[in-house]
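**Student:** The structure is given below, and queries will be raised subsequently.
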Amino acid sequence: MKKIALAIHGGAGTILKSSMTPTLENEYRESLKMALETGWEILKNGGNALDAVEEAVVSLENVPLFNAGKGSVFTHDEKNELDAAIMDGKNLNAGAVASVKNVKNPIKLARLVMEKTEHILLAGIGADEFAMEMRVDFEPDEYFFTNFRYEQLLSARKKGTVELDHAPDEAQSPKSKAQSSKLKAQSPLNPKSKIQNPKSKSGTVGAAACDFLGNLAAATSTGGMTNKKFGRIGDTPIIGAGTYADNQTCAVSCTGHGEFFMKTVAAYDVACRMQYKNVSLNEAANETVENLRELGGEGGLIAVDAFGNVALPFNSEGMYRGFITSDGEPVIEIYKC
């Protein structure tokens, strides 16, 4: 049997301890720990890597702290457009969705695309129709609304920018949310909130795993960019760019400025470096992230190989991340070491 391993991430960016309150940091750590434990429970009981990464990502999608599922950012038109992808390293099967609306867990829909259709990527109205056919869980707009994300939208609109989950200093905790349109109309902020968020460009959640049989899988989910227009889609649902898995090399989930990850086909680039340069997972992953930095791209990735090795490199100030292997205890980290 192979050594099992699981890595997760909740986004990378300007994440500074100096701008993080103890309360909020604990919320992040507990949410990451819960996701890690959810996936690990499957692996340690002999389950497969595909189920492990899916359930780990579902756990993160259900938390408003992260830019995926419930915590997704707003488009320019005040909508939540969700992207997700999942890939099975055993046979290179993959499924992805882009710009879906009101789907509670986009990663589940991505897996259904992989298993129930002859396609890999479904987008927009067609993906929504497929979701209804599959009877996945839907939620109303109010479920996805948080004052925290709405304030980000107002700030980005005012500046005329499209932003990677950039949080102003005085934004409230995503958990201190308004669930009604009446409150939304009154004010996007809670002036009484004592919890401040870090200045971050974090977004996207993901998982990568190796099971007892040496099978690999990767899954990624995101709400995209704040104030985005024109149906913009990033790297997350693009197989090879933001998500990739192949038993012969590694499983990868990326987070950061998607356009750069697409330019470099970053997730596949890690696998290519391992295959064609015959280097280790750690070396390949770090080379890929360094290449992104040289091009001006910010972010990071998590990667797992078929021997249970894990790599979590990033070129930003921090990355919400965690991992566990057969050799040790769970590790949860946020800042640069």
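The values are calculated or read from the model by the stated rules, or taken from the named source; none is laboratory data. It should be emphasised that the depicted structure is a prediction, and the values quoted were computed from it without experimental measurement. All Cβ positions, glycine included, derive from the backbone under ideal geometry; neighbour counts span all protein chains shown.
**Student:** Given the structure, is PHE323 over 30 Å from LEU153 (Cα atoms) and either of a type outside the set (Gly, Ala, Ser) or assigned to a strand (DSSP E or B) (or both)?
**Tutor:** Working: over 30 Å from LEU153 (Cα atoms): yes; either of a type outside the set (Gly, Ala, Ser) or assigned to a strand (DSSP E or B) (or both): yes.
Considered against the rule, which asks whether it is over 30 Å from LEU153 (Cα atoms) and either of a type outside the set (Gly, Ala, Ser) or assigned to a strand (DSSP E or B) (or both), PHE323 comes out as yes.
**Student:** Moving on. Can you report the number of residues in the stretch 35-54 which are surrounded by fewer than 22 Cβ atoms within 10 Å (Cβ to Cβ) and under 15 Å from the mean Cα position of the chain (by Cα)? Outline the logic, then answer.
**Tutor:** From the stretch 35-54, those surrounded by fewer than 22 Cβ atoms within 10 Å (Cβ to Cβ) are 37-38, 41, 44-48, 51; that's our starting set.
Keeping just the survivors that are under 15 Å from the mean Cα position of the chain (by Cα) gives none.
Number satisfying all stated conditions: 0.
**Student:** Applying the selection to the stretch 4-18, what residues are surrounded by fewer than 16 Cβ atoms within 10 Å (Cβ to Cβ) and either within 24 Å of TYR244 (Cα to Cα) or in contact (Cβ under 8 Å) with a residue 60 or more places away in the chain (or both)?
**Tutor:** LEU16, LYS17
**Student:** Exactly one condition in (1) out of contact with any Phe, Trp or Tyr (no Cβ under 6 Å at 6 or more places or on another chain); (2) touching a residue at least 12 places away in the same chain (Cβ under 8 Å) is not met by ARG135; state its number.
**Tutor:** Among (1) out of contact with any Phe, Trp or Tyr (no Cβ under 6 Å at 6 or more places or on another chain); (2) touching a residue at least 12 places away in the same chain (Cβ under 8 Å), ARG135 violates only (2).
**Student:** Name the residue that is farthest from ILE4 (Cα to Cα), counting only residues in the stretch 24-73 that are out of contact with any Asp or Glu (no Cβ under 7 Å at 6 or more places or on another chain), assigned to a helix (DSSP H, G or I) and of a type in the set (S, T, N, Q).
**Tutor:** Selected residue: ASN26.
**Student:** Let me ask something additional. Taking the residues in the stretch 48-87 that are at pLDDT 95 or above and among the acidic types (Asp, Glu) as candidates, determine which candidate is farthest from MET34 (Cα to Cα).
**Tutor:** Checked the stretch 48-87; the qualifying residue farthest from MET34 (Cα to Cα) is ASP83.
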